[in-house]
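Student: What follows is a single structure, and I will ask about it in a moment.
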Amino acid sequence: MDDPSLELLSGFIVALVVLSAYFSGSETAMMSLNRYRLKHLANNGHRGAKTASRLLERPDRLLGVILIGNNLVNFSAASLATLVALQLFGERGVAVAPVVCTVVFLIFAEVGPKTISAAYPERVALPSSHILRFLLWLMFPLVWMVNGISNAILGLIGIQHSNASEDELSPEELRTVVFEGSKIAAHPQNMMLGVLDLAKVTVDDIMVPRNEIFGMDIEDELDDIIAQLRASQHTRVPIFRENIDNVIGMLHLRNAAKFMAEEEFNKASILNVTDDTYFVPENTPLQTQLVNFQQRKERIGLVVDEYGDIQGIVTIEDILEEIVGEFTTDLADTNVDILPQEDGSFIIDGGAHVRLINRRLGWHLPQDGPKTLSGLIIEFLETIPDSSVCIAVDGHRIEVVQIQDNMVRAAKVSLASGPL
């Protein structure tokens, strides 16, 4: 019998190279698919995505059918290439064929297809999933045997095979996914990041501190109480006796407006419409507190420490601002705690929270210690300053402007442009 012609053998080799490229590209594409986008496409009825999802449920079988097919193709091509080399070069062709096959398959059946598949995994994987599904059905006995032997060997060395489980993202991983979401508009992206950050922020970080709580002493003169009610900028006001530790309840000014017009208006009228006080333990994560507010139908609470002493006040609006941002337009201009100066610096109230300063000005003052700017300065100096001093903290120049009652009342802060 005559040897097959070179043209026929070459045609078979080219076809086998194409098949090898298909198997190599399909492997890379299937393993490079974004599982969450794939699930989204499958839920929306994409047939290729549904097939790919089912195949990826058993990656051992998927890899089995791809590698079996790829190896059959490669070995067949190598054998045919040897025949061609023998016809062209004689006995020397046995040495030439492996070199040529390696170069050809490396470029055209491995590197090239895998590079394309890694760049466009969906375009390659979703159509080819139907072919792979058919091949898996066709070669299932062989795939089952190969996988059984492979898994048994892996078991001997302590590696247990299990079916692919649902991918789970940690909060930090999910935050990275949202942050890297280039197709998400800036504002919705910031809101989603704000929701993810709720678990890391506690009520201590956003509460109004005790010394800034606006409340009314029921022991004051009635005329003074009425004046405070009319001048209040808050809708809910704590009512207490002598000091905030003796809190009686929370007064909604909408209820106060009803009885203030009455002729027999007195302090008892105030107490009659005062609601019970809702107390919030310090260090409660905002994520938990938001749920607590929702379940208890509350909007405001007093933050207490482990001894029951009141540390501050927190509202549901404060938590929502952590998600959607401040409800004002130009934060640096409208907030009295942060006053911009002509030289680019800011006069900042010592009681301003470091987190809020960083958020509003885009700075990076350390947040793992004291909550307020005054506390940060005192911690850095390790003493209460008795005169104006200037310090540098993490690239920020801080100059003490006013000291009162053992705390920094105001400081001039700017980004340091050089050594102090």
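The values are calculated or read from the model by the stated rules, or taken from the named source; none is laboratory data. Since we're looking at a predicted model, the values are computed, not measured. Cβ coordinates were reconstructed from backbone atoms using ideal geometry, including for glycine residues, and neighbour counts include every protein chain displayed.
Student: Hey, can you tell me all the residues within the range 302-315 that are within 16 Å of R241 (Cα to Cα) and either polar (S, T, N, Q) or not in a strand (DSSP E or B) (or both)?
Tutor: D309
Student: Can we say N34 is surrounded by fewer than 16 Cβ atoms within 10 Å (Cβ to Cβ), farther than 20 Å from R133 by Cα and within 42 Å of the chain's Cα centre (by Cα)?
Tutor: No: the conditions fail for N34.
Student: Going by the structure shown, is I391 closer than 29 Å to N190 by Cα and of a type in the set (V, I, T)?
Tutor: Answer is no for this residue.
Student: Ok, one more. Among the residues of the range 396-420, which ones are within 21 Å of L339 (Cβ to Cβ) and of a type in the set (G, A, S)?
Tutor: A410, A411, S414, A416, S417
Student: Could you give me the residue pairs with C-beta distances under 6 Å whose first residue belongs to the range 366-382 and is over 11 Å from I398 (Cβ atoms), whose second residue is outside any helix (DSSP H, G or I) and of a type in the set (V, I, T) wherever it lies, and which are 6+ apart or on separate chains?
Tutor: Note: pairs meeting the criteria are I378/I384.
Student: Could you tell me which residue of the range 249-264 is farthest from N211 (Cα to Cα), considering only residues that are in contact with a helix residue (DSSP H, G or I) (Cβ under 7 Å, 6 or more places away or on another chain) and touching a residue at least 24 places away in the same chain (Cβ under 8 Å)?
Tutor: If we take residues in the range 249-264 being in contact with a helix residue (DSSP H, G or I) (Cβ under 7 Å, 6 or more places away or on another chain) and touching a residue at least 24 places away in the same chain (Cβ under 8 Å), then M260 is farthest from N211 (Cα to Cα).
Student: If we keep just the residues of the range 103-128 that are over 16 Å from V17 (Cβ atoms) and aliphatic (A, V, I, L, M), which is surrounded by the most Cβ atoms within 10 Å (Cβ to Cβ)?
Tutor: Step by step, filter the range 103-128, then rank; the result is A125.
Student: Return the residue satisfying two criteria in turn: it lies in the range 332-382 and is closer than 20 Å to L193 by Cα and among the basic types (K, R), and of such residues it is farthest from the chain's Cα centre (by Cα).
Tutor: R360
Student: Out of the residues in the range 59-98 that are among the hydroxyl-bearing types (S, T, Y) and free of Cβ contacts under 8 Å to residues at least 60 places away in the same chain, state the one that is surrounded by the fewest Cβ atoms within 10 Å (Cβ to Cβ).
Tutor: Of everything passing the filter in the range 59-98, S79 is surrounded by the fewest Cβ atoms within 10 Å (Cβ to Cβ).
Student: Is it the case that the range 16-25 has a residue that's of a type in the set (S, T, Y) and outside any helix (DSSP H, G or I)?
Tutor: Among the residues of the range 16-25, not one is of a type in the set (S, T, Y) and outside any helix (DSSP H, G or I), which makes the answer no.
Student: If you take the residues of the range 291-321 that are touching an Asp or Glu at 6+ places or on another chain (Cβ under 7 Å) and touching a residue at least 60 places away in the same chain (Cβ under 8 Å), which of them is nearest to N211 (Cα to Cα)?
Tutor: The selected residue is Q311.
Student: Right, next: Can you pull out every residue in the range 320-344 that is crowded, with 16+ Cβ neighbours inside 10 Å and either at pLDDT 90 or above or closer than 16 Å to V401 by Cβ (or both)?
Tutor: Scanning the range 320-344 gives D337, I338.
Student: Right, here's the next one. If I filter the range 342-353 down to residues being out of contact with any Pro (no Cβ under 7 Å at 6 or more places or on another chain) and either outside any loop (DSSP other than H, G, I, E, B) or touching a residue at least 40 places away in the same chain (Cβ under 8 Å) (or both), which single residue comes out as farthest from V208 (Cα to Cα)?
Tutor: Selected residue: D343.
Student: Name, by its number, the condition in (1) among the hydroxyl-bearing types (S, T, Y); (2) out of contact with any strand residue (DSSP E or B) (no Cβ under 7 Å at 6 or more places or on another chain); (3) modelled with pLDDT of 85 or more that does not hold for Y278.
Tutor: If we test Y278 against (1) among the hydroxyl-bearing types (S, T, Y); (2) out of contact with any strand residue (DSSP E or B) (no Cβ under 7 Å at 6 or more places or on another chain); (3) modelled with pLDDT of 85 or more, just (2) comes out false.
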